[in-house]
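Only the coordinates and a few stated rules stand behind these numbers; no lab work does. Here the structure is a predicted model, which means the values were calculated and not measured.
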Amino acid sequence: MAKSYGVAGVVVSFLTRRVYSRAQRLSSDEAELLAQYRALTESDQVAMRYLIGAMKSVSRF
């Protein structure tokens, strides 16, 4: 990423990325990010999805 968007930006890019091949493995950073997301409580996961949606709606990119 050319610009630094912080943790939320990384989560947005990871969760919105489409993987077309099941054989493709996650990088260690992606696996760690997914593990951290799954460790959140359900209400925190919902809040993160709302945050991601809000960031996508105002993003210019």
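Counting 0.36 nm for each residue step from Arg25 to Ser43 and taking away their Cα separation leaves a gain of 3.7 nm. Per-residue extension of 0.36 nm, minus the Cα-Cα distance of Ala54 and Gln36, leaves a gain of 4.4 nm for this segment.
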